[in-house]
Amino acid sequence: MPPADALAPERTGGGGSDPVLEVRGVTVHFGGVSALTDVTLSVDRGSVTGLIGPNGAGKTTLFNVISGLQVPNSGVVVFEGRDLARVRPHRRARLGIARTFQRLELFGSLTAEDNVRVGLESSIRWWQWHRLRASFPWARDEAGDGARATGSRVVGLADRLLAGVGLAGHESEQSSAMPTGSARMVELARALAMQPKLVLLDEPGSGLDEHESEALGSLLQRLAADGMAVLLVEHDMELVMRVCDRVHVLDFGHIIASGTPDEVRADPRVQKAYLGASAGSAPAAGGDV
Amino acid sequence: MSQFLEFTVLGLILGSVYAISATGLVVTYTTSGVFNFAHGAVGMIAAYGYWELVTHHVPAALAMVLIILVGAPLLGVIIEWLLMRRLLGDTGERPIMVTLGLLSILIGMALVVFGENRGDTLNPLVGGTFRILGVGVTSQDLVIAGAAAAIAVALRVLFHSFRLGVALRAVVDDPELLATSGASPVAMSRTGWVLGSVLAALAGVLLAQQQQTSLDTYTLALLVVSGFAAAVFGRLRSVPLTYAGGLVLGLAVIYFGSYAQPHLGSWGPDLSAALPMIFLFGVLIALPSVRLRAVGKLTTLRPPRVASGWESLVAAAAFFLVAVACSLTLSGTVVGGNSSFGVVLDHTMAYGIVGLSLVLLIGYAGQVSLCQFAFMGIGAFLMGKVAGGGSLLGLLLAVVVCAAIGALIALPTVRLRGLYFALATFAFADAAYTGIFPDTRVLGQGLNVGQIVLPGLSFGGNRAVFLLLAGAFVLSALLVLAIRRSLFGRRLVALQDSPAAYATVGLNAAFTKVAVFAIAAGLAGLAGALYGTAAGIVGTSDFDIFTGVIFVLFVVVWGVRTVSGAFLAALSFAVLTHVWTNGVGLFAGAGIVLIGWAPNGIIGMTWLSRLVPHRPGAGRRASTHDAASLVGVVDTREGDIRAAG
Ligand SMILES: Nc1ncnc2c1ncn2[C@@H]1O[C@H](COP(=O)(O)OP(=O)(O)OP(=O)(O)O)[C@@H](O)[C@H]1O
Ligand SMILES: [Mg+2]
């Protein structure tokens, strides 16, 4: 496989692209406050799309609208050509939208491994009783033996996913006792376990050190190279500028700029939103806004 | 027409009674975020206090002032300080448990100090009767109707016109926001409890004066239950709507009792007693669904370790051997006339199965059910009626029918918040206990259940019956543990921890909740059938709603997340009900105070769990995050996940 960085430029440019998600004219009010006003954006298959903006800009609210936790006052969300207006959150997830949360939403009393297992097993329906056998003692130990070993098979996958986000060796830790950075990675592994077509990441980089966030960046690019669409909310500008193919900028609920990282960085309105009246070159690489 | 007027006046007066207690509930809920199941019990204690003062020749007016303006506020402060402070902002099952515990402490104390009732009646504050629209009413009725309206108006004004009131309302809406605005949530919550206690005491004293019968501990404490419906009608927030709900409910009860009930003839059960609860159920179904919300609150609770398959098999075998040893002390042949010891053993096993159903529901899924005893009653009924009683078919039907009823109750209500769901189960339990079980065609005073006959096996003797119960308990425990280890068990725990994340991994919370409630109902039905067959004859009082609530508290006190907690709860409950009936509620209430400190119950306390060895390897950890291993993910996706999905 070629390095992900080498592939990135080929997918930029938007124009005749293949949007997996389209948000059109979404508006959300909380009482008197408008959290989102007429927001329109799209996310392409096989790309990493950034969504940035100052605190309180409405990024998390937009994620909630897309995943169905927040009903918009107006506007539509279209996923793979299908209007999601009447689709409940768990159905949206089954259609292929996974997400992580800015304020962690782990299954806190489960271990890291079991968190991921719940994601892996979410496609198992209740009538598939034979899967239950995995929980009985006599069905436990026979790895690699067809249906009887479903349990161990899933455990193995969960562990590999955890290893994939850098948590090898932490499988049996209670997830609520983990440090924030690791807990975010558990959420990411749980989201990836569902094999989503679109994954929404709400500040996955906070709580990671420099080395880890670099690894996260290359992971996201690999996922995109594999055909997944990634929508990334992140305050770590270096990460955003490095991995995103396109970036949308939200400010007070309005999209004020969209384009490649370089275009957005050069946009005066973006600089103004980030730095107010003072002159400067934000969002500068390396700046943590 | 004049008859209609008379019913209307009576209905409005009854409605005012409901409204007084319901507005008090709303006040505590809006100001502290806690639904106070003990609201009526506070009023009951106040009524007894008033009675004591009056019999000691304190003037009635002074006694009322002392009780309502001195005693009640003091009680409110104590409740807030002792029980509620540690639970501030907790939206889970613990506040529900704590107020239920308070209910049982207050009732327990009243039973010990005052007994079940007082023979003499209280004089009304003002005597005399009036005629309104040609209907005779007492002055006390007018006082109550006036007080209900005055309280509603005063609260409405307080909440909307004064800074204190607006701040009070904010507590329930957003405690965090309130904290940033500088007001202290603790002070607000304390004000709420004081206000709530004052209203409860006022209601208690006024109603005790109105009741022309004797003062009755249970009647007074549970009077507020009818108020639940009115309070929910006001969404637990709106005072005017609550007041209106009380009046509507009062009218409905009187009209139904006067016009509809006679037409039901001897065929229909006496539904008027159950009407408030049917009303409550209806209001709950009409409520909008709770919105899924990411709250970002992580549980910090360390869950008890789950026994592995082999461990639980070995423990089950050992348990059954002990049961066999115990059974040797029982007479082998005599049916009926069981020794006290035998009764305690039988009850332990039957209650133990109910306890297991609660482990599944509350411990794993975080859903509070207050109606497991109602399912027991249904199970015992089926066991007694199907195929002449004591048949295997009856046992099976007890499980299946209870599970089906459970699913029917859960379907329209699981989409609600946890508290509303608990109220719905309470409504069902109350309707069954007051409306259906007392019918002589159902349970009445006593229904012959009959000894069970299994093909090829005789369960004629006490010993055999006990072993049957013990076997059923062991199998149920294995089932519950197997569920916990299964995919379904992981989902239950996941759902309790984060409903928002549960939905976003593609799982349907409503379905999971209905399923677990149905399974738990089936288990309780099984317990009831076995309880019936062991007792030989059961009556309505065996499945008392209040006893059922106390049993839930026992399980929570011992540890609702473990099978051993369920067993110890059942054992202590069976022993205590046998030895000191009045002490049961006191024990439960006293234990509940503990759960602010020991959320996993007695057997989950840290000093105890240190005695239990940990699973080897549970603590293995790597030194740092291995960033390089991120590389593995793409291969994982391409390979095995697809195969597994
Ligand atoms: N449930 C809610 N009720 C009321 N207001 C809300 C709610 N959720 C968000 N808001 C408001 O909507 C606006 C947007 O919030 P949002 O959390 O979406 O911003 P954000 O861009 O994610 O900010 P951050 O970078 O701090 O995460 C804010 O003003 C916030 O106060
Ligand atoms: Mg946010």
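Sorted from fewest to most neighbouring beta carbons within 10 Å, what does the list B:Arg415, A:Arg92, A:Arg86 look like?
Sorted ascending by nearby Cβ count, the order is A:Arg86, B:Arg415, A:Arg92.
For A:Arg91 and A:Ser206, compute 0.36 nm times the residue count separating them, minus their Cα-Cα distance, and round to one decimal in nm.
Going from the current span to full extension adds 38.5 nm.
How high is the FRET efficiency between B:Val186 and B:Val112 when r is their beta carbon distance and R₀ equals 45 Å, given to the nearest 0.05?
So, using R0 = 45 Å, E works out to roughly 0.90.
Please list the non-local residues whose amide H lies under 5 Å from the amide H of A:Leu36, H modeled 1.01 Å from N, same-chain partners needing a gap of 5 or more.
For A:Leu36, whose amide H was placed from the backbone, the distant partners under 5 Å are A:Val28.
For the stretch B:527-601, what D do you get in µm² per second when you plug the Kirkwood radius from alpha-carbon pairs into Stokes-Einstein at 20 °C and 1.002 mPa s?
165 µm²/s
Ignore the peptide's own chain and count Cβ atoms of other chains within 10 Å of each Cβ in A:214-223; give me the average, rounded.
3
Given q = 0.19 Å⁻¹, what are the Debye log10 I(q)/I(0) values for the stretch A:43-117, with equal point scatterers placed on the Cα positions and solvent ignored?
With no solvent term, the Cα-only Debye profile gives -0.99.
Counting other beta carbons within 10 Å of each residue's own, what order do A:Arg190, B:Arg490, A:Arg94 fall into, fewest first?
A:Arg94, B:Arg490, A:Arg190
Rank these for me by crowding, B:His263, A:His170, B:His347, B:His578, going from fewest to most other beta carbons within 10 Å.
B:His263, B:His578, B:His347, A:His170
Taking the Cβ-Cβ separation of A:Val78 and B:His56 as r and a Förster radius of 51 Å, what is the calculated FRET efficiency to the nearest 0.05?
0.10
May I ask you to derive the FRET efficiency for B:Arg302 and B:Ser258 from their Cβ-Cβ distance with R0 = 51 Å, giving the value to the nearest 0.05?
0.35
Give me the distance in nm between label points sitting 7 Å out from Cα along the Cα-to-Cβ direction at B:Trp580 and B:Arg235, one decimal.
Here the answer is 4.7 nm between the modelled labels.
What is the distance, in nm, between label points placed 7 Å from the Cα along the Cα-to-Cβ direction at B:Ser564 and at B:Ser541?
Using points 7 Å along Cα→Cβ, the separation is 3.7 nm.
Taking H placed 1.01 Å from N in the peptide plane, check which residues at least 5 places from B:Val137 or on another chain put their amide H under 5 Å from its amide H.
For B:Val137, the qualifying residues are B:Phe130, B:Arg131, B:Ile132.
At 7 Å along Cα-to-Cβ for each site, give me the label-to-label distance between B:Leu411 and B:Leu69 in nm.
5.5 nm
Highest mean first, what order results for B:349-361, B:401-413, B:46-58, A:240-252 on Cβ atoms within 10 Å?
Ranked from most to least packed, the peptides come out as B:349-361, A:240-252, B:401-413, B:46-58.
Taking amide H positions as placed 1.01 Å from N in the peptide plane, with prolines and chain starts having none, which residues 5 or more places from A:Asp251, or on another chain, fall under 5 Å of its amide H?
The list, which skips near neighbours in sequence, is A:Ile256.
With θ set to phi - 60° and the Karplus curve 6.51 cos²θ - 1.76 cosθ + 1.60, what are the ³J(HN,Hα) couplings of the stretch B:282-292 in order, to the nearest whole Hz, using x for Gly and Pro?
After applying 6.51 cos²θ - 1.76 cosθ + 1.60, I find x, 5, 4, 5, 7, 5, x, 5, 6, 7, 5 Hz.
Note down the relative contact order for the stretch A:42-120 as a percent, whole number, built from C-alpha pairs under 8 angstrom at least six residues apart.
19 percent
First select every other residue whose beta carbon is under 15 angstrom from the beta carbon of B:Val225; then total the charges, Lys and Arg +1, Asp and Glu -1.
Taking every Cβ under 15 Å from that of B:Val225, the sum is -3.
None of the figures in this text is laboratory data; all of them are computed from the coordinates on show. Every value quoted in this text rests on a predicted model; they were computed, and no experiment measured them. Don't worry about glycine lacking a Cβ; one is built from the backbone with ideal geometry, like all the others, and counts go over all protein chains shown.
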